[in-house]
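The values are calculated or read from the model by the stated rules, or taken from the named source; none is laboratory data. The shown structure was predicted, so the numbers you read here are calculated from the model rather than taken from an experiment. A quick note on method: Cβ atoms are made from the backbone with ideal geometry, for glycine too, and the neighbour counts reach across all protein chains shown. Only protein heavy atoms, including side chains, enter the accessible area calculation; ligands, DNA and RNA are left aside. Shrake-Rupley method; radii C 1.70, N 1.55, O 1.52, S 1.80 Å.
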Amino acid sequence: MAHSIFITSAEGHSGKSTVALGVLQALSHATPRVGVFRAIARSTVEPDYVLEMLLAHDGVDLPYDECIGVTYDDVRHDPEAALATIVERYKAVEAQCDAVVIVGSDYTDVGSPAELAYNARIAANLGAPVLLVIGGRAAQGQPEQLGSSIPRTPAEMGQIADLALAELAHGRAELFAVVANRADPDRSAETIDAIARAVAASVPGAAESRIPIWAIPEDRFLVAPSIRGIMRAVDGELLAGDPDRLTREALGVVVAGMSMVNVLPRLFEGAVVVIPADRSEVLLATLLANASGTFPSISGIVLNGGFELPEPITRLLDGLGSNVPIITTGLGTYETTVRIMGTRGRLAADSQRRYDTALALFEQNVDTDELLRSFGVARATVVTPLMFEFQLIERARSERKRIVLPEGDDDRVLRAAGTVLKRGIADLVILGEPFEVRARAIELGIDIAGAEVLSPFDAVHVHKFADEYAKLRAHKGVTVAQAADTVTDVSYFGTLMVHLGLADGMVSGAAHTTAHTIRPAFEIIKTKPGVSVVSSVFLMALADRVLVYGDCAVIPDPTSEQLADIAVSSAATAAQFGIEPRIAMLSYSTGESGSGAEVEKVRHATALVRERAPELPVEGPIQYDAAADAAVAAAKMPGSAVAGRATVFVFPDLNTGNNTYKAVQRSAGAVAIGPVLQGLNKPINDLSRGALVDDIVNTIAITAIQAQGVGS
């Protein structure tokens with residue numbers, strides 16, 4: 001039977017979905033089969049966006065329809081029959097999982113007291129302990145600030161917890177933990193602790209039973225509505241602008257019912273501006289102000305009134321080419337503003353910033369190790385791709401390093417940077433013109449405020465780097481003047497930052513070739529002592545384990561000596577990422593069964609590995625099936641310490657390695673992380689030009705981990 005946890009709250013708008021996402025993330029990193037179940041769907045008219053967001057998590061593989069219990073209509077019609085249906089449908093999900101996150105109702109239909117009591121009954125009948133979420137905010141706050149509300153005092157939150165716990169006890173539900181969510185972020189840490197203490201005082205036997213109590217502060221971006229949400233609320237349509245910017249948060253509203261001279265001073269960062277559609281001069285002034293760089297960057301514009309823009313104005317808009325979303329609605333100014341003010345932020349899978357923010361808030365304020373211990377979930381010995389990626393992030397966070405990203409003009413790099421900064425994976429330096437890079441990040445709704453943005457033409461750095469590069473390449477006749485031209489190239493600039501200790505590692509290649517990325521490293525960083533070549537590995541995350549493949553990206557036809565170098569370096573890389581190295585030197589022949597130049601090359605390389613690193617278990621020449629399959633190994637190479645259980649696979653040439661990793665990636669559904677360069681004195685890593693945002697995040701984490709091992 002699966003472990004399960006029932007997440008419910010005492011009222012609406014408590015931020016329960018943030019807690020559910022955090023719990024789901026923690027469970028998916030500890031056990032391979034995690035499920036989600038929504039006891040009562042919030043709507044029958046449109047999909048339940050909370051459930052959709054949770055099902056989009058990489059750790060969940062269940063269809064939407066199987067994960068819903070009943071609707072509000074079902075509960076109203078026959079509560080007992082609805083409860084029986086919930087139990088039946090939950091059991092079908094439970095049978096497929098090791099752990100299940102059950103999300104209670106959202107207080108969108110029936111009265112609050114009755115709803116909490118019914119949630120308690122559901123939890124009791126499912127045998128799932130309750131994680132109770134207490135909201136830290138009360139009524140709406142300042143009218144111009146979207147999503148704002150009045151913070152509750154610790155005493156008030158304690159009173160709410162007291163009432164909610166009485167309902168849970170009456171329904172025979174078992175309390176697992178309490179989260180005081182959306183606590184006032186402007187208050188001190190002592191006040192946050194006071195909230196936790198006040199809630200704990202309301203929990204009977206909390207001290208004796210060690211029921212966990214946590215408090216999570218509110219984040220304004222998490223509760224602010226998106227422009228897409230506002231467009232939906234005003235029944236609007238996108239007239240112009242970048243559709244990708246519809247995910248950006250609106251932090252407040254400016255009603256532009258006055259002349260442009262009076263509107264412009266009222267603009268603020270992240271505002272949505274409501275403009276009557278017949279005030280085209282205000283529309284144009286707002287767009288020009290946004291593009292000027294001398295006014296705050298707005299999130300969007302809503303044109304109300306239903307008036308059609310004159311043709312010269314639409315032609316002018318086309319010529320401006322602004323990315324700001326412009327939404328049209330037929331509503332009047334008052335109704336438009338009221339609907340915007342009533343729009344609440346949604347934690348949905350299509351907003352990476354919200355997603356990252358929610359996870360960061362949970363991870364920073366909830367002890368996930370304690371959560372898993374209290375939940376009774378032990379970390380599995382099986383390592384899924386998702387679990388391995390989490391281990392990378394945990395390792396990188398344990399000793400944060402400073403990584404330089406030379407490609408600040410690539411949106412994927414900016415999106416990855418936002419995730420890395422929000423999740424605390426590494427400190428970042430992004431190369432590019434600061435105004436352009438930060439302006440593009442704002443346009444995309446990405447927070448890179450924590451990164452240093454540095455121009456590769458910065459005079460002070462260019463002068464310093466030119467002197468250093470000229471010294472390093474003096475034997476090639478490079479002058480300081482020539483070096484000054486060279487070092488403004490982002491790959492050389494970033495590599496020199498690593499060389500001089502201004503950064504701990506570099507990740508590039510999203511928009512540059514492999515040669516362009518790593519050539520400066522060969523010239524400047526150079527190889528470690530005792531290593532003759534720079535090579536690479538892919539970390540191949542299979543369904544239940546992680547293997548190391550080398551070399552699949554750098555050396556076309558290695559010699560025996562180079563193969564030995566690749567093997568020793570690959571073993572060191574494996575150990576650095578928690579993989580016990582057992583090396584298979586691959587060939588088309590196993591043991592003494594074959595001969596030929598290629599087999600002899602591998603045989604000689606194996607002997608060199610044993611000579612250079614006698615502590616490493618190595619076997620070769622050996623065929624892939626004998627290296628990976630215990631049954632084949634028993635027949636072809638019985639008694640071997642490596643055959644049948646190899647973790648490091650060294651391919652005889654690039655053609656074999658590159659095709660094999662791609663075949664395993666595509667045919668076996670493995671996640672290929674890399675290439676990870678090895679053999680350099682300091683870590684420089686190359687991305688595929690088709691790299692996704694997650695690939696870039698993983699490579700930054702890998703580079704940070706490699707940097708942790710430099711000098712150790």
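Figures for the structure shown
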{"quantity": "Fully extended contour minus Cα-Cα distance, from L316 to A484, at 0.36 nm per residue", "calculated": "56.2 nm"}
{"quantity": "Residues of type lysines that K91 reaches as a straight line, Cα spacing below 29 Å, ignoring anything fewer than 8 places off in the same chain", "calculated": "K16"}
{"quantity": "Nearest-20 debye value, the chain charge dipole, Cβ charges on Lys, Arg, Asp, Glu", "calculated": "1120"}
{"quantity": "Estimated [θ] at 222 nm from DSSP helical runs (n ≥ 4, -39500 (n - 2.57)) normalised by residues in the chain, nearest 500", "calculated": "-13000 deg cm²/dmol"}
{"quantity": "Angle between the chain longest axis and helix 459-472 axis [Cα atoms, degrees, rounded to 10]", "calculated": "20"}
{"quantity": "Segment L692-E52, extension gain: residue separation times 0.36 nm, minus the distance between their alpha carbons", "calculated": "228.2 nm"}
{"quantity": "Cβ-defined net charge surrounding C97, 13 Å radius [Lys, Arg +1; Asp, Glu -1]", "calculated": "-2"}
{"quantity": "Between helix 411-422 and the chain: long-axis angle, C-alpha atoms, 0 to 90°, nearest 10", "calculated": "80"}
{"quantity": "Extended-chain gain in nm, criterion 0.36 nm per residue less alpha-carbon gap, A449 and R473", "calculated": "5.0 nm"}
{"quantity": "Per-peptide average of other Cβ atoms within 10 Å, ordering 90-100, 657-667, 537-547 highest first", "calculated": "537-547, 90-100, 657-667"}
{"quantity": "Angstrom value of the Kirkwood radius, inverse mean 1/r, which spans all Cα pairs in the stretch 1-52", "calculated": "12.5"}
{"quantity": "Dimensions (Å) - the stretch 577-643, Cα atoms, principal axes, largest first", "calculated": "34, 29, 20"}
{"quantity": "F435/E237 FRET efficiency (R0 35 Å; Cβ-Cβ; nearest 0.05)", "calculated": "0.60"}
{"quantity": "Pairwise FRET efficiency - H463 versus S292, Cβ, R0 = 45 Å, nearest 0.05", "calculated": "0.90"}
{"quantity": "Accessible heavy-atom area order of Y72, Y49, highest first, probe of 1.4 Å", "calculated": "Y49, Y72"}
{"quantity": "Overall dimensions of the stretch 1-89 as given by Cα atoms, namely Rg and Dmax in Å", "calculated": "13.4, 40"}
{"quantity": "Overall form of the stretch 418-510 per C-alpha gyration tensor (a/c, 1.5; a/b vs b/c)", "calculated": "prolate"}
{"quantity": "Charge dipole (the stretch 534-672, unit charges on Cβ, about Cα centre) - positive-most of S535, A663, A607", "calculated": "A663"}
{"quantity": "Spin-label pair A668/R545, simplified geometry with 7 Å Cα→Cβ offset, distance in nm", "calculated": "1.0"}
{"quantity": "Rounded to 5, percent antiparallel among DSSP beta bridges of the chain", "calculated": "25"}
{"quantity": "Angle in degrees between helix 16-28 and the longest Cα principal axis of the chain, rounded to the nearest 10", "calculated": "20"}
{"quantity": "Positive-end residue, the chain charge dipole about Cα centroid, Cβ charges, pick of G321, V255, T517", "calculated": "T517"}
{"quantity": "Point-charge dipole on Cβ atoms (K/R +1, D/E -1) for the stretch 57-125, about Cα centre, debye to 20", "calculated": "260"}
{"quantity": "Total charge dipole magnitude, the stretch 214-339, about the Cα centre, Cβ charges on Lys, Arg, Asp, Glu only, Debye to nearest 20", "calculated": "200"}
{"quantity": "Unit charges at the beta carbon, dipole of the chain: most positive-side option, P225, I442, A360", "calculated": "A360"}
{"quantity": "Kirkwood hydrodynamic radius (C-alpha pairs) into Stokes-Einstein, the stretch 452-562, 25 °C and 0.890 mPa s, D in µm²/s", "calculated": "154"}
